[in-house]
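Okay, so here's the structure we're looking at.
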Amino acid sequence: MPSVIIHIQNEDPVLGEIDELPSPGDSLIIVKNPRKRDGKDLIYLDPNVNTVIWPVIRINFIEVVPSEAEEEIITFVRE
């Protein structure tokens, strides 16, 4: 499950997990464990909410956060 940072129009970025990246034809994105980038709760969500559905039309862009395993694979090679 990739972690993403979602940049929603007129809102602070939201960190969360998604099952799969949205395709060009999708109109909704389902985000699990939505939170601020610093890990704090989003003030406009009820504290016990763990899944949110946002319309893609409200999203400016999505950043895919590399997992720890991917970060270990990408290294500099010195010859």
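When the residues of the range 18-31 are filtered to those that are in a strand (DSSP E or B) and surrounded by 12 or more Cβ atoms within 10 Å (Cβ to Cβ), the one that is nearest to the chain's Cα centre (by Cα) is V31. If you go through the range 37-79 and keep only what is in a helix (DSSP H, G or I) and at pLDDT below 90, you end up with E68, A69, E70, E71, E72, I73. Right, P34: surrounded by 10 or more Cβ atoms within 10 Å (Cβ to Cβ), assigned to a loop (DSSP other than H, G, I, E, B) and in contact with a strand residue (DSSP E or B) (Cβ under 6 Å, 6 or more places away or on another chain) or not? Answer is no for this residue.
Within the range 40-69, can you find the residues that are in contact with a strand residue (DSSP E or B) (Cβ under 8 Å, 6 or more places away or on another chain), within 16 Å of E11 (Cα to Cα) and not β-branched (V, I, T)?
Hits for the range 40-69 are D41, L42, L45, W54, P55, R58, N60, F61, E63.
Selection of first residues in the range 8-28 that are closer than 16 Å to T51 by Cα and of second residues that are at pLDDT 95 or above and loosely packed, with under 10 Cβ neighbours inside 10 Å, restricted to Cβ pairs under 7 Å at least 6 apart or on distinct chains, gives the following pairs, ordered by first then second residue: L28/I53. Hey, could you check the range 1-17 for residues that are in a loop (DSSP other than H, G, I, E, B) and among the acidic types (D, E) and say which is surrounded by the most Cβ atoms within 10 Å (Cβ to Cβ)? Once the filter is applied, the top-ranked residue is E11.
The values are calculated or read from the model by the stated rules, or taken from the named source; none is laboratory data. Computed from a prediction, not measured in an experiment: that's the story for all the values here. Here the Cβ is made from the backbone with ideal geometry for all residues, glycine too, and neighbour counts use every protein chain on show.
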